[in-house]
Amino acid sequence: MPPLATAALEKRLDALLNPVLSSRRTAAPLAAGVATLPRALQDFTLHWVEVIGRTNYEMAYQFAAAAPEALPALDTQAAEAWIIQAMDSYDREGLYQGSLVFKQYADFAQRGLNAHGVQFNEVATVLERFVCGLAGRRLNIDSAETAWTDTETLYLPPRITVGASRDENFLIYKIIATLLWAQGRYGTFNIDLNAALAHHSEPARALVWLNYLEVIRLEANIARLLPGLARDLAALRGESGESGESSDHDARYAPLRAVDAGVRDSIALLDTLDLQQAVPRRAWLGTLRPASAKAAREARLTREKDALQAALAQLFKEQIQNADGAEENQNFEVRVNHDDNLGADVELTLGGKPLAPPKPVRELLDSIVQDLGEIPDEYLLANTAQEATGEGDGDEQDIAPADGPAVYYDEWDFQRRHYRKNWCALRELEPPAGDAAFVESTLKKYAPQVTQLKRNFELLRGEDRLMKRQQHGDDIDLDAVIAAYADMRAGRELPQRLFTKRHKAERNLAVMFMVDMSGSTKGWINEAEREALVLLAEALQVLGDRYAIYGFSGMTRKRCEIFHIKRFDEPYSERVRQRIAGIAPQDYTRMGAAIRHLSALFETVDARTKLLITLSDGKPDDYSDNYRGEYGIEDTRQALIEAHRAGIKPFCITIDHEARDYLPHMYGAANWTLIDNVLRLPLKVADIYRRLTS
Amino acid sequence: MDASTSTRTATPLQPEARLITHEPYYEPVADEIALFEAACDSRIPVLLKGPTGCGKTRFMEYVAWKLKRPLITVSCHDDLTANDLVGRYLITNNETVWVDGPLAHAVRVGGICYLDEVVEARKDTTVVIHPLADDRRMLPIEKHGELLRAPDSFVLAMSYNPGYQSVLKELKQSTRQRFVAIEFNYPSETLEAKIVAAESGLDAANIAKLLKLAHMTRNLKGNGLDEGASTRLLVHAAKLIKRGVAARVACHGAIAEALTDDAEMLRAIDELTSSIF
Ligand SMILES: Nc1ncnc2c1ncn2[C@@H]1O[C@H](COP(=O)(O)OP(=O)(O)O)[C@@H](O)[C@H]1O
Ligand SMILES: [Mg+2]
């Protein structure tokens with residue numbers, strides 16, 4: 001295809017970037033640049049200008065400005081990596097950092113040169129699951145220029161190219177991830193490193209050496225837990241022939257390889273070394289950032305202490321309720337067995353009687369032992385303290401009438417164990433119409449997957465049932481005939497139903513989707529939600545299930561909002577498509593009221609199975625009152641229990657990595673699922689729906 | 001024997017009451033055996049709850065042996081009808097013959113009827129077990145004009161995996177509330193090692209590695225896996241390794257592929273395996 005002319009390009013870019021253009025800043029220079037590109041790259045540019053513009057027009061402008069120089073220097077993969085990185089920076093650090101990445105395309109061109117190179121994006125999911133399997137506690141994975149961890153997130157380099165093959169580069173990624181995981185598991189940060197190094201004349205140098213010694217210590221731990229990985233590591237070392245290889249086997253380091261070696265041994269060893277010497281180089285050597293790790297660890301300890309005390313209070317209550325249970329003055333005690341290399345084995349007893357705490361509590365105990373090596377006594381004081389809130393019921397007067405007519409819902413106050421009457425004012429609103437072209441471009445983006453999706457759903461629908469013993473039908477039911485014959489011989493009446501018939505099983509099912517429109521979904525989450533709805537609608541059209549879609553958000557109990565996207569009885573029309581496209585992040589997430597409202601809407605629907613599926617990105621939360629935290633979780637849970645009572649089955653799809661801390665409590669162990677990568681949300685939602693209803 | 005009788009013996013509708021003569025290998029995990037026996041003595045039906053592959057079927061075989069009662073197992077599927085359980089008329093030699101279904105058969109011989117994965121059966125089938133599952137302990141066979149009263153030795157047991165996510169596969173309250181529930185879960189590490197060793201004959205070092213892998217896949221439950229590796233999968237992998245299959249290959253086939261189809265999850269499990277072995 002011939003390249004587009006400057007004038008045509010200018011017109012397109014002008015339309016796409018209009019909100020950030022002015023009489024002094026026109027699309028003309030951009031068009032002149034893009035005009036120099038071959039047609040394929042022009043199309044690529046326009047496509048991404050449009051996509052990026054959905055998130056931020058200025059970013060789209062910056063991209064269009066950089067594209068003419070950048071794209072010829074990058075292959076498609078590198079170009080996409082470049083764009084994704086820029087948008088990622090934008091999402092997290094804002095416009096300035098984001099547009100900076102667009103200007104630094106040369107970095108990506110450089111990295112594209114090595115054919116064996118492995119990129120972070122290719123391995124992130126596999127490695128995240130890998131460390132989740134190693135476990136200990138949940139860890140996030142992210143990329144950063146050098147490898148390091150604050151013990152909550154493992155930061156891995158964006159690309160590894162030093163290896164001789166792709167396998168080798170992947171292995172290096174895996175080793176880095178395992179070593180960073182091991183820093184948490186085997187307590188690198190369990191003492192204040194900066195304080196411990198303060199007496200060195202050059203603490204920064206000492207820290208670099210400490211990092212090296214810790215790698216030796218942790219490799220020994222890893223060799224005990226993961227001998228296979230240790231073997232791969234040894235092979236890699238031998239082949240890559242790095243200098244200083246023998247120094248790891250230096251006898252001076254022997255104490256670090258002892259089973260019970262700890263970070264103190266590494267620190268003690270520092271005093272015996274000549275720190276002026278160069279630290280041996282290793283491809284998997286990252287950096288230590290003690291201050292970040294200390295902050296993360298302290299925040300975690302506070303959080304987990306609270307969580308543990310609350311969980312123990314709960315356990316205590318349950319034990320007392322069990323008839324033979326505990327007396328008021330009994331204490332929790334723990335015994336920690338360290339000899340288990342799968343993680344410490346923590347036994348919990350109450351008044352000497354062993355307990356089998358639920359999984360979240362065991363994970364908490366394990367995580368605390370990782371940080372402290374033990375469970376201090378004060379952590380074991382069950383927190384039964386009750387806070388008085390001193391707020392009364394809501395009454396309709398204190399809710400501004402100017403906001404239009406509202407419906408009022410009660411809210412559950414878990415501390416006082418009763419409902420606050422008419423506490424929340426909820427209004428049903430129309431979202432602004434978005435551009436239905438979003439639907440088209442989503443379908444285009446996922447074209448191959450949509451075909452597969454439809455086929456899968458077709459299968460679900462097409463599950464032909466062979467109906468036996470029919471009055472009329474396509475075929476003779478041999479079993480029935482034989483039985484009839486037998487009946488007849490036995491002197492009974494001859495049954496009439498002797499045929500089989502194929503029949504599509506009636507799916508007597510209605511599903512409501514409740515979509516999180518809170519401010520925290522801004523950016524890619526919102527886009528993923530909308531894409532998910534587009535794909536889902538496509539699939540549900542095939543299936544013929546009845547469905548409705550509502551968004552929810554709001555701010556304070558006086559302004560809870562439900563956005564109507566599609567009612568049950570509404571066809572999947574152009575208007576609905578526009579509303580899906582128009583779903584935009586709003587404010588907060590007062591989930592209880594939203595659930596109560598949608599449950600009420602369900603009342604008029606006649607279906608054997610009623611399913612309420614929530615798409616969410618985090619905990620219930622609201623502005624400036626106590627909805628955040630336990631109160632909101634308990635109210636949401638109560639609203640879900642009410643829904644259950646009304647014959648509705650709730651299910652939650654979330655992308656919040658902390659979901660396991662609260663979702664099982666709200667939805668029950670089996671009624672939620674975590675999607676660990678937002679980019680997968682669109683395809684996964686339809687998939688989960690299929691599994692849920694088959 | 002003429003042709004029609006041989007057809008008759010081939011029909012699945014005439015189950016052989018299986019009397020287990022050799023002691024099945026079963027490692028008790030808690031007090032489940034005593035609980036089961038007490039329920040039987042009190043003539044209360046039993047519900048075995050737990051994930052797949054954690055020893056429910058083996059447990060049934062064991063208690064059937066211990067109680068010296070025939071065991072009749074029905075694997076439930078979504079075409080299983082009430083007639084399949086109760087029985088029907090057949091014609092042989094120009095005569096009509098009533099053939100008991102497995103449930104009626106178990107009642108008649110006073111055996112143990114075990115309905116495996118009961119939620120898979122059609123919803124209406126569970127209704128026929130209701131009169132058997134409360135203190136009436138009766139099975140009405142309408143077709144045959146018969147009302148079977150269960151002898152004291154009859155036991156009704158069924159299994160159920162509460163981890164299923166499908167909303168269509170939940171056990172109705174009216175059914176579940178008739179049963180005493182026994183909860184099954186993966187055995188403790190020491191016990192599991194003992195079981196895998198007994199079942200496969202594999203050496204302790206390799207078994208320890210398998211258990212490590214199992215533990216790691218269980219960490220992944222809810223993080224991309226619906227279930228972690230069950231004891232059954234470990235036994236499978238152990239048997240393959242014992243026969244000389246390379247550990248990485250055995251674990252890929254017997255564990256990873258059995259747990260997931262997701263390419264990245266498969267890769268992650270393979271990476272865990274290769275790190276351990
Ligand atoms: N407690 C146990 N004692 C002996 N073998 C067990 C035990 N638990 C699990 N197994 C092993 O696991 C396998 C799977 O158990 P099975 O009873 O088939 O599981 P389920 O019926 O729960 O799906 C058995 O064949 C046996 O090898
Ligand atoms: Mg079984």
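Derivation of every value follows stated rules applied to the coordinates shown; laboratory data play no part. Since this is a predicted model, take the numbers as computed values, not measurements. When we count neighbours, we look across all protein chains shown, and the Cβ atoms used for this are built from the backbone with ideal geometry, even at glycine.
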Summing Lys, Arg as +1 and Asp, Glu as -1, what charge do residues with Cβ under 12 Å from the Cβ of B:Val196 carry, B:Val196 excluded?
0
Would you grab the residues whose amide H sits under 5 Å from the one on A:Ala147? Only those 5+ places off in sequence or on another chain, please, with H modelled 1.01 Å from N.
A:Thr287
Across the range A:132-189, what fraction of all alpha-carbon pairs, as a whole percent, falls in each successive 5 Å bin from zero upward?
4, 20, 29, 23, 15, 8, 2
According to a simple spin-label model (label point 7 Å from Cα along Cα-to-Cβ), what is the distance in nm between B:Val180 and A:Arg24?
8.6
Taking just the C-alpha trace of the range A:586-644, give me its Rg and Dmax in Å.
12.4, 40
Please identify every one of the chymotrypsin sites (Phe, Trp or Tyr not before Pro) in the range A:513-604 that sits in a loop by DSSP and has no more than 11 other beta carbons within 10 Å of its own beta carbon.
none
What is the ratio of the Cα radius of gyration of the range B:5-183 to 2.2 N^0.38 Å, with N the residue count, to two decimals?
1.02
Cα-derived Rg over Rh, computed across the range A:81-179 with Rh taken as Kirkwood radius:
0.99
Would you mind checking which residues have amide H under 5 Å from B:Ile141's amide H? H placed 1.01 Å from N; only 5 or more apart, or other chain.
B:Glu146, B:Leu147, B:Leu148
With +1 on each Lys and Arg Cβ and -1 on each Asp and Glu Cβ, and nothing else charged, work out how big the dipole of the range A:465-504 is about its Cα centre, in Debye to the nearest 20.
220
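Quick one: if the Förster radius is 56 Å, what FRET efficiency do A:Arg497 and A:Lys558 give, using the C-beta to C-beta distance and rounding to 0.05?
Result of the calculation: an efficiency of 0.35.
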Just to confirm a number: summing +1 for Lys and Arg and -1 for Asp and Glu over residues other than A:Trp48 whose beta-carbon lies under 12 angstrom from that of A:Trp48, what do you get?
-1
Please give the Cα centre distance for the range A:18-96 versus the range B:211-277, rounded to the nearest Å.
44
Summing +1 for each Lys or Arg and -1 for each Asp or Glu, what net charge is found among the other residues whose Cβ lies under 12 Å from the Cβ of A:Trp209?
-3
Quick one: if you take sqrt(5λ) for each eigenvalue of the C-alpha gyration tensor of the range A:1-152, what semi-axes come out, biggest first, whole angstrom?
34, 18, 12
Computed [θ] at 222 nm, helices only, for chain B once each DSSP H run of length n ≥ 4 contributes -39500 (n - 2.57):
-12000 deg cm²/dmol
Charge dipole of the protein assembly as shown built from unit charges on the beta carbon (Lys, Arg +1; Asp, Glu -1), centred at mean Cα; most positive-end Cα among A:Thr125, A:Tyr485, A:His665 is A:Tyr485
Which of the lysines could a cross-linker span from A:Lys566 if the Cα-Cα distance has to be under 17 Å and same-chain partners fewer than 8 positions apart are dropped?
A:Lys610
Cα-centre dipole for the protein assembly as shown with unit charges at Cβ (Lys and Arg positive, Asp and Glu negative), debye to 20
2140
Of every Cα-Cα pair in the range B:23-73, the percentage lying beyond 19 Å is 19
Among the GluC sites (Glu not before Pro) in the range A:433-501, which ones are in a DSSP loop with at most 14 other Cβ atoms within 10 Å of the Cβ? Mind listing them?
A:Glu463, A:Glu493
Chain A: calculated mean residue ellipticity at 222 nm from DSSP helix runs of at least 4, using -39500 (n - 2.57)
-15000 deg cm²/dmol
Can you give me the Kirkwood hydrodynamic radius for the range B:133-277, using every pair of distinct Cα atoms, in Å to one decimal?
18.1
Students often forget the sequence filter, so: which lysines lie under 19 Å Cα-Cα from A:Lys684 once same-chain residues fewer than 8 apart are removed?
A:Lys444, A:Lys445, A:Lys454, B:Lys221
Please work out whether the range A:465-504 counts as rounded, prolate or oblate from its C-alpha gyration tensor, where a ≥ b ≥ c are the square roots of the eigenvalues and a/c under 1.5 means rounded, while otherwise a/b larger than b/c means prolate and anything else oblate?
prolate
³J(HN,Hα) computed for each position of the range A:278-286 - Karplus, 6.51 cos²θ - 1.76 cosθ + 1.60, integer Hz, glycine/proline x
6, 6, x, 8, 9, 5, 9, 7, x
With N set to the residue count of the protein assembly as shown, report its C-alpha Rg divided by 2.2 N^0.38 Å to two decimal places.
1.07
What are the extents of the Cα atoms of the range A:118-288 along their three principal axes, listed from largest to smallest and rounded to whole Å?
43, 34, 29
Search the structure for amide H atoms under 5 Å from the amide H of A:Leu498, placed 1.01 Å from N in the peptide plane, and list their residues when 5 or more places away or on another chain.
A:Gln470
Using the basic label-point model (7 angstrom from Cα toward the beta carbon), what is the A:Ala7 to A:Gln276 distance in nanometres?
7.5
About its Cα centre, the range A:118-288 carries a charge dipole, from +1 on Lys and Arg Cβ atoms and -1 on Asp and Glu Cβ atoms, whose size in debye to the nearest 20 is 380
Loop by DSSP (not H, G, I, E, B), at most 13 other beta-carbon atoms within 10 Å: where is the longest site-free stretch of chain B for trypsin sites (Lys or Arg not before Pro)?
B:173-242
Could you work out how far apart the two model spin labels at A:Arg39 and B:Ala258 are, taking each label as a point 7 Å from the Cα in the direction of the beta carbon, and quote it in nm?
5.5
